[in-house]
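The values are calculated or read from the model by the stated rules, or taken from the named source; none is laboratory data. All values reported here derive from a predicted model rather than from experimental measurement. Virtual Cβ from ideal backbone geometry, glycine too; neighbours counted across all protein chains shown. Areas reflect the complete protein model, heavy atoms only, side chains present, ligands, DNA and RNA absent. Shrake-Rupley method; radii C 1.70, N 1.55, O 1.52, S 1.80 Å.
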Amino acid sequence: MNLDACTPGQRASVEHVDGPLLVSAGAGSGKTAVLTERIIRRLCDKEKPAEITRMLVVTFTKAAAAELKARISSALNDELARDPSNRRLARQLLQLDRAKICTIHSFCLDLLREHFAILGIPADFRLADDAESKLLRQNLMAELI
């Protein structure tokens, strides 16, 4: 990402390093580019490099998660082209498929599957499909009215 072409907000988001950061912006505002740059900077940090498998990256859509993974892969490949002997970056690229880059829904579903016993829900729980959800809403509305 060319920081010279960034807005002040994008630049601040890319360069922020102290503590958590929430990036909230509209469609087409460059969130994916900013997030990709932040991740690559953390993975390439010389003093305190991050591990891709220790990150949690949550998006709203499956398409956004897939695009983010593709951009991270491309950026890691670019970095490796500049430094082909960097085994750590090569490992990050290999581990990208194991990285937790997902939608909010899939992250929550994973939490439910991992902690069903603590939550007191059956191990074989499942999500209702659209037709079941519609029927449940209709029945609930009928009961309430």
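Fraction of C-alpha pairs exceeding 16 angstrom in region 86-143: 67 percent, rounded to a whole number. Between the Cα long axis of helix 62-82 and the first principal axis of the chain there is an angle of about 20°, rounded to the nearest 10.
Axis of helix 31-44 versus longest Cα principal axis of the chain: the two differ by about 60°, to the nearest ten degrees. Each Lys and Arg Cβ is given +1 and each Asp and Glu Cβ -1; about its Cα centre, the chain then shows a dipole of about 360 debye. Using Cα atoms only, what is the angle between the long axis of helix 130-144 and the major principal axis of the chain, expressed in degrees (0 to 90) to the nearest 10? Relative to the chain, helix 130-144 is tipped by roughly 50 degrees.
Could you estimate the translational diffusion coefficient of region 1-119 from the Stokes-Einstein equation, with Rh from the Kirkwood formula over C-alpha pairs, at 37 °C and 0.692 mPa s, in whole µm²/s?
Numbers: Rh = 15.5 Å.
In µm²/s, the coefficient rounds to 212.
Between amide H atoms placed 1.01 Å from N, distances below 5 Å from MET55 occur with LYS100, all of them 5 or more places distant or on a separate chain. Take region 1-144 with all the other protein chains still there, run a 1.4 Å probe, and you get 72 Å² of accessible area per residue.
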